[in-house]
1. Give me Rg/Rg_expected for the chain, where Rg uses Cα atoms only and Rg_expected = 2.2 N^0.38 Å with N residues.
2. Viscosity 1.002 mPa s, temperature 20 °C: give me the Stokes-Einstein translational D for region 1-115 in µm²/s, with Rh taken as the Kirkwood radius over C-alpha pairs.
3. Say we join alpha carbon atoms closer than 10 Å with springs in a Gaussian network model of the chain; which of Asp181, Asp49, Asp24 then has the biggest fluctuation?
4. So how far, in whole Å, is the C-alpha centre of region 171-193 from the one of region 223-284?
5. Summing Lys, Arg as +1 and Asp, Glu as -1, what charge do residues with Cβ under 12 Å from the Cβ of Val280 carry, Val280 excluded?
6. Tally Lys and Arg at +1 and Asp and Glu at -1 over the other residues with C-beta under 14 Å from the C-beta of Gly23: what net charge comes out?
7. Enumerate the calculated ³J(HN,Hα) couplings along region 267-277 in order (Karplus 6.51 cos²θ - 1.76 cosθ + 1.60, θ = phi - 60°), each rounded to whole Hz, writing x wherever the residue is Gly or Pro.
8. Can you say what percent of the DSSP beta bridges in the chain, counting only those with both residues inside, are antiparallel? Round to 5.
Amino acid sequence: MRAIIDETAWQDVLRAALEEDLGDAGDVSSAGLFGPDHGSVFRLIAKDDGVLCGLPVFSATFAAVDPDVAVEPAFGDGDRLSRGTVVARVKGRTASILAAERTALNFVSQLSAVATKTRRFVDALAARAAGLGVRPPEILDTRKTVPGMRRLQKYAVAVGGGRNHRMGLHDMIMLKDNHVDAAGGIAPAVAASRAAWGRRFRLEVETRTLDEVAQALEAGADRIMLDNMDDRTVREAVRLVAGRAETEASGNMTLERLLGLADSGLDFVSFGELTHSVNVFDFSLKAERAR
C-alpha cells in the first residue's frame with residue numbers, strides 16, 4: 001500500500017521556499033531572456049539509483065509559479081529509479097519552468113534521499129530476518145527533521161517502507177529522561193501522565209538501565225524505549241519485558257547494529273539518521289526542446 005499525502009503538507013513550506021528564491025523581483029535571469037510566448041519541454045532525469053519520492057510537491061512547485069506548466073510523470077512515488085531514468089517531462093513557458101526549477105529539484109532530491117535510505121535499511125533487515133527465519137523489528141523515524149519539512153520527510157520514510165513514530169509532541173506521550181528526572185522518577189511521571197490524560201494517548205517511557213525497564217513495566221507503559229543500550233542489554237531488556245509492553249531500541253543505532261538485532265525480539269528500532277543524515281538524491285532538469 002502506497003503512502004498518502006495531501007497538499008496541506010507542503011503549502012506553507014513551498015510558499016516560503018519560493019519567496020526565498022524569487023524575492024520581490026522574481027527570476028531576473030530568465031525574465032530578461034524569455035518572453036511569455038517562449039515555451040520549452042524539459043526532462044527530469046535521475047542521476048542516482050534509488051527510490052522516487054516527492055513528485056507531487058515537485059509538480060506543485062511549477063503550478064505555484066505558473067498554473068499552465070504541465071508535469072507529465074513516467075513514474076510515481078515509491079518506484080525504483082536507476083541512473084539515467086527520465087522520470088517526468090515538464091512543459092510550459094520557459095521562464096516559468098526555470099523560475100521553479102531549483103525549488104522543485106530541492107524538494108524531490110531531499111525526499112527521494114530519505115525514501116532511498118529508508119528502503120535500503122528496510123530491505124537489508126528483511127533479508128537478514130528471512131535468513132534467520134524470524135520476524136524483524138519495524139523501522140521507525142524520529143522528530144529529528146528539518147523544521148517545516150516534518151510531514152514531508154515522514155511521508156518519505158513511509159514511501160521507503162519505514163513506519164512513522166509520533167508526528168510531534170501532540171499525538172503521543174513520550175516520557176524522556178528529562179521528564180522522568182524532573183518528575184522524580186518513572187512511577188510518578190507515568191502516574192501523573194495517566195491522571196492528566198487517561199488512555200487518550202499511548203505512553204512511552206525512555207529507559208537507560210534494566211532497572212528502569214522494570215520500573216516502566218511496573219508503571220504500565222505501553223512502550224518502553226531502550227535508549228543507548230548495548231546489544232547484550234537490549235536483548236536482556238526484551239526478555240525482561242516478555243511481550244508485556246512494546247519495545248523500541250534507539251540511540252547510536254546503525255545499519256550494522258540493526259542487522260545484528262534482527263532476531264532480538266524487538267518490536268521497533270528508531271533512527272534519526274533517516275531524516276537528518278542523508279546524501280541528497282541527485283536529479284537534473286534538462287531542456288529537451290523549445291516549442
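Bear in mind these aren't lab numbers, they're just calculated from the coordinates by the rules spelled out. All figures in this text were calculated on a predicted structure; none of them were measured in a lab. Positions of Cβ are backbone-derived with ideal geometry, glycine not excepted, and every protein chain shown enters the neighbour counts.
1. Compared with the compact-globule rule of thumb, the chain sits at 1.20.
2. My calculation gives 147 µm²/s for D.
3. Asp24
4. When both Cα centres are located, 21 Å separates them.
5. Local charge sum for Val280: 0.
6. -3
7. So the J values, rounded to whole Hz, are 7, 9, 10, 10, 10, x, 5, 4, 10, 9, 9.
8. Just about 55 percent of them are antiparallel.
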